[in-house]
1. Between Lys28 and Lys104, what FRET efficiency follows from the Cβ-Cβ distance if R0 is 22 Å, with the result rounded to 0.05?
2. So what is the accessible area of segment 83-150 per residue, in Å², with the probe set to 1.4 Å?
3. Cross-link list Lys28/Lys141; Lys49/Lys130; Lys91/Lys131; Lys28/Lys150: which exceed 21 angstrom alpha carbon to alpha carbon?
4. May I ask you to compute the full-extension gain from Asn142 to Ser128, defined as 0.36 nm times their residue separation minus their alpha-carbon distance, rounded to one decimal in nm?
5. Amide H to amide H under 5 Å from Ala92: which residues, 5+ apart in sequence or cross-chain, H placed 1.01 Å off N in plane?
6. Summarise the accessible area of segment 42-124 (1.4 Å probe, protein heavy atoms) by the percent that is carbon and sulfur.
7. For the ranges 97-104, 45-52, 71-78, what's the packing order if you count other beta-carbon atoms within 10 Å of each residue, average per peptide, and put the highest first?
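The values are calculated or read from the model by the stated rules, or taken from the named source; none is laboratory data. This structure is a prediction, so every number in the text was calculated from the model and none was measured. Glycine gets a Cβ as well: all are built from the backbone with ideal geometry, and neighbour counts include every protein chain shown. Side chains included, ligands, DNA and RNA excluded: accessible areas come from the protein's heavy atoms. Shrake-Rupley method; radii C 1.70, N 1.55, O 1.52, S 1.80 Å.
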Amino acid sequence: MKLHKIVLATTATVLAIGAGFAFAQFQKPEDAIKYRQSAFTVMANSFGKIGAVVKGEAPFNKDEVARNAAIVAMMSTLPWQAFGPGTEGGKAQSEIWSDNAKFKAASEKMQLAVVDLNKAAQSGDLESIKKAFSTAGASCKNCHDDFKKK
């Protein structure tokens, strides 16, 4: 149990240092906007490929679905560092900065949903994938509805 707490504390410290570095890595607000939009684009591409399978528009290839779900899960951790102070713009609504707690909660909910999607995809069970995909898609939609300009 002690080791578990040490690992968690170390991970939190590394993430905090990394987040500080991430904010510093953007020379201009436009760089942060491009970064987060690129991360979302890659994530949406892989998510869309899973969606085609779930909707029956593409054949089910468990290895390909697993690969795409792993990409979505990994990419879901990246865009948030580019929403720091002074990075307003792009398709992001001002509520991201004015109600950051709600935005952070929505981003964490989405990340958990795509972790579950990845677990389902790695299992290869199509019914589990469909259920997890639906949950992940709903979390994405909720965030888009609240924080993305139409």
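1. 0.40
2. Averaged over the residues of segment 83-150, the accessible area is 58 Å².
3. Beyond 21 Å: Lys28/Lys141; Lys91/Lys131; Lys28/Lys150.
4. 2.9 nm
5. Sorted by chain and number, the residues that satisfy this are Lys149.
6. The C+S portion of the solvent-accessible surface of segment 42-124 is 56 percent.
7. Order by mean packing, descending: 71-78, 45-52, 97-104.
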